[in-house]
Amino acid sequence: MRNIFFYFFIFLTTYSFAQEIHFKEIKYIFALDSEFSKQGSLKIDDKKIQLKYQGDSKSVLFDPESISFITKENKEIFTHEEQQEYTIFFSLVQGVFNNDIKKLQENFTLKIQKEENLLIPNEYLSSIIEKIVYKKDKEKLVYLHIYFLNQDKIKIVQLD
């Protein structure tokens, strides 16, 4: 009986420290001169992040050991090296949402400005990303804009 309460306590503690963030993502594709938008959610805790888009049966789970693509029928597991783009994206998410400057500095030079923060990519990313600009109001993400060298853009806004 004591074990049941212990596991229940662990479950509640883990769940209560997890943060679920709902967001809207708008992608501008320069070559098509078109915008596409979708909504999704991120479940973030100290060790892992789960990404899910509305209307999509697939979710992506990022943890310290791997990146998993999960559907009802299948679970594909990859190393961080095999999915470097996702690894960088999730590191960015962790850094921004947890205000983790060290995490952000793994891939970017951070310039904290009065109204917004500017991330300049390191050498590896600079061949793809021009810059990232984000603004937070306390713990809420007001916006995160990713500017690509090919003139594509991604805008992410926290909904709640």
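The values are calculated or read from the model by the stated rules, or taken from the named source; none is laboratory data. Note that the coordinates shown come from a computational prediction; the quantities given were computed from them, not determined experimentally. Here Cβ is always computed from backbone atoms with ideal geometry, including for glycine, and neighbour counts include all displayed protein chains.
Structure data summary
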item: Residue within the stretch 116-134 that is part of a loop (DSSP other than H, G, I, E, B) and farther than 25 Å from Ile29 by Cα present; result: no
item: Qualifying positions in the stretch 53-64 - under 26 Å from Leu119 (Cβ atoms), surrounded by fewer than 16 Cβ atoms within 10 Å (Cβ to Cβ) and touching a strand residue (DSSP E or B) at 6+ places or on another chain (Cβ under 9 Å); result: Tyr53, Asp63
item: Selected residue (criterion: farthest from Lys38 (Cα to Cα)) from residues of the stretch 48-96 that are hydroxyl-bearing (Ser, Thr, Tyr) and part of a strand (DSSP E or B); result: Ser68
item: Residue check for Glu73: of a type outside the set (S, T, N, Q) and at pLDDT 90 or above; result: yes
item: Where a residue in the stretch 44-69 is farther than 20 Å from Lys27 by Cβ and free of Cβ contacts under 8 Å to residues at least 12 places away in the same chain and its partner, wherever it lies, is of a type in the set (Phe, Trp, Tyr) and loosely packed, with under 15 Cβ neighbours inside 10 Å, with Cβ under 9 Å and at least six apart; result: Ser68/Phe78
item: Residue selected from the stretch 79-115 under the condition more than 20 Å from Val157 (Cβ to Cβ), of a type in the set (A, V, I, L, M, F, W, C) and at pLDDT 90 or above, by the criterion surrounded by the most Cβ atoms within 10 Å (Cβ to Cβ); result: Phe108
item: Failed criterion for Gln151 (all others in (1) part of a strand (DSSP E or B); (2) closer than 25 Å to Lys38 by Cα hold); result: (1)
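Yes/no per residue for (1) within 24 Å of Glu20 (Cβ to Cβ); (2) within 16 Å of the chain's Cα centre (by Cα); (3) of a type in the set (Val, Ile, Thr):
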{"residue": "Gln113", "(1), (2), (3)": "no, no, no"}
{"residue": "Asn122", "(1), (2), (3)": "no, no, no"}
{"residue": "Asp137", "(1), (2), (3)": "yes, no, no"}
{"residue": "Ile146", "(1), (2), (3)": "yes, yes, yes"}
{"residue": "Val157", "(1), (2), (3)": "yes, yes, yes"}
